[in-house]
1. Given the options 208, 164, 150, state which has the largest fluctuation in a GNM of the chain using a 10 Å cut-off (strictly under) for Cα springs.
2. Which residues in the range 233-255 place their backbone N less than 19 Å from a point set 7 Å from the Cα of residue 137 along the Cα-to-Cβ direction?
3. Residues with amide H under 5 Å of residue 26's amide H, sequence separation 5 or more or different chain, H placed in the peptide plane at 1.01 Å from N; which?
4. Counting C-alpha atoms alone, how compact is the range 140-251: give Rg to one decimal and Dmax as a whole number, in angstrom.
5. Cut-off 10 angstrom, C-alpha nodes, Gaussian network model of the chain. Which of 183, 202, 30 fluctuates the most?
6. To the nearest 0.05, what FRET efficiency results for residue 177 and residue 23 with a Förster distance of 35 Å applied to their C-beta separation?
7. Return a whole-number percent for the relative contact order of the chain, with Cα pairs under 8 Å and 6 or more residues apart as the contact set.
8. Add +1 for every Lys or Arg and -1 for every Asp or Glu among the other residues with Cβ under 13 Å from the Cβ of residue 226, and state the total.
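Just so it is clear, none of the values below were taken in a lab; they were calculated from the coordinates. No experiment lies behind these values; they were computed from the predicted model shown. Cβ: placed from backbone, ideal geometry, glycine included. Neighbour counts: every protein chain shown.
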Amino acid sequence: MFSLLRKSVKSTSHTKATPLQRKVDVGDRSLPITITENQRATRITLRIEPGGKALKMTIPYGLHHREVDDFLERHNGWLKAKLSKFSEEGSIRDGGIISIRGVAHRIEHTGTLRGVMQLTTSAEGEAVLRVSGLPEHMGRRIATFLKKEARADLERLVAHHAKAVGKPVRSISMKDTRSRWGSCSYEGNLSFSWRIVMAPESVIDYLAAHEVAHLREMNHGPKFWTLCEKLCPHTEASKAWLKRNGSQLHAIDFD
């Protein structure tokens with residue numbers, strides 16, 4: 001390990017600590033870590049950012065750098081275990097695997113420069129995603145395909161749930177957000193991360209129901225969760241799935 005922080009200088013109530021950027025070695029990886037001092041923090045918190053490509057740490061103000069180093073050293077094994085779920089190579093390659101609606105599809109590059117993306121089944125019964133175009137454009141073509149599939153699914157599911165709650169939807173947009181899977185504005189504009197289409201169908205349905213429920217309850221209070229459960233009986237199971245697997249969907253690099 002190495003020193004991650006400069007020696008802190010005692011601040012006044014008007015001083016705002018500037019986050020520090022460093023690198024930390026975890027196994028054979030070198031990850032950026034953002035360290036933020038917080039005057040109200042009473043303990044160190046360490047978080048893996050969505051996608052598993054960076055770390056974020058919050059520490060009590062004035063904590064000595066040695067304590068930060070000791071904490072990271074003690075938790076290095078935990079970080080290795082958590083980060084082992086993320087593949088640095090990803091699966092966007094000929095012969096790789098991509099999940100679509102929770103089903104593992106083998107990526108098959110057709111070798112042709114033109115053609116539509118195709119979901120099919122091999123003679124052995126294996127789910128296959130056939131991709132045309134130049135090999136170097138494969139990730140981009142798959143991402144575009146997934147966005148279209150996500151929009152089709154979510155528009156259908158949102159319409160179903162919105163009819164159930166009797167609220168209009170102004171617009172639906174697809175984004176690649178990392179901090180949240182969806183959002184709902186007071187004007188009725190819904191936004192979703194298109195990566196949700198890689199999750200099982202029940203989880204996609206939950207996300208649609210969650211954001212539609214916000215059309216009536218713009219909060220996460222008891223009434224909201226009651227409505228969410230009414231729209232989507234598998235709410236709890238879907239929330240648990242996203243908590244376990246969501247970061248792995250963010251980790252896939254389509255560039």
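1. 164
2. Residues 254-255 qualify, since their backbone N sits under 19 Å from the label point.
3. 31
4. 13.1, 42
5. Highest fluctuation among the options: 30.
6. E between residue 177 and residue 23, to the nearest 0.05, is 0.85.
7. 16
8. 0
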